[in-house]
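**Q** A single structure is presented below for examination.
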Amino acid sequence: IETREHETLKREGDNLHYDLYVSISDAVLGTSKEIDTVGGKVRIKLEPGIQSGKILRLRGKGINNLNGYGSGDLLVHVNVWTPKELNKEQREFFEKMSQNENFEPKPEKSDKSFFEKVKDMFS
């Protein structure tokens, strides 16, 4: 059996990985996005304040197990897209926001580092 590489989905065993890119405003305000799965499209909800690097697990949306024991999961990796160029008005907006303490990073104990997330995936 020959497998082809998918344009947006990466396979790891029975699990699939999908990189979802969202704007800063979508990350701050929350949104819902429609993404492709093996079985068709599915809509996921992103809570307000979602962080870049967050991994959302959609159980059973991966590849069917060859032995017939269920399906893998679809792991959606959230990436917040940061613009490289800003006009004057946008720059002033972000300069004003940078002075607000709500925009200072305050990681919580539940916010795992990249290495902790990788470790969890293999355990």
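The values are calculated or read from the model by the stated rules, or taken from the named source; none is laboratory data. All values derive from a computational prediction rather than experimental measurement. When we count neighbours, we look across all protein chains shown, and the Cβ atoms used for this are built from the backbone with ideal geometry, even at glycine.
**Q** Would the stretch 48-67 turn up any residue that is without any contact (Cβ under 8 Å) to a residue 12 or more places away in the chain, among the polar types (S, T, N, Q) and assigned to a loop (DSSP other than H, G, I, E, B)?
**A** Yes, there is a match, as at least one residue in the stretch 48-67 is without any contact (Cβ under 8 Å) to a residue 12 or more places away in the chain, among the polar types (S, T, N, Q) and assigned to a loop (DSSP other than H, G, I, E, B).
**Q** Going by what's in this entry, would T37 be described as under 21 Å from T82 (Cα atoms) and modelled with pLDDT under 90?
**A** No: the conditions fail for T37.
**Q** Taking the condition aliphatic (A, V, I, L, M), in a strand (DSSP E or B) and touching a Phe, Trp or Tyr at 6+ places or on another chain (Cβ under 7 Å), does V76 pass?
**A** So V76 passes the test.
**Q** Within the set of pairs 6+ apart or on separate chains, which have a first residue in the stretch 88-100 that is under 13 Å from I24 (Cβ atoms), a second that is not in a helix (DSSP H, G or I), and C-beta atoms under 9 Å apart?
**A** From residues that are under 13 Å from I24 (Cβ atoms), the pairs are Q90/P83; F93/L86; F94/L86; S98/E104.
**Q** Then there is this: Could you check how many residues of the stretch 47-96 are of a type in the set (D, E) and touching a strand residue (DSSP E or B) at 6+ places or on another chain (Cβ under 7 Å)?
**A** 1
**Q** Looking at the stretch 13-52, which of the residues that are among the hydroxyl-bearing types (S, T, Y) and surrounded by 13 or more Cβ atoms within 10 Å (Cβ to Cβ) is nearest to E108 (Cα to Cα)?
**A** Ranking the candidates gives S52 first.
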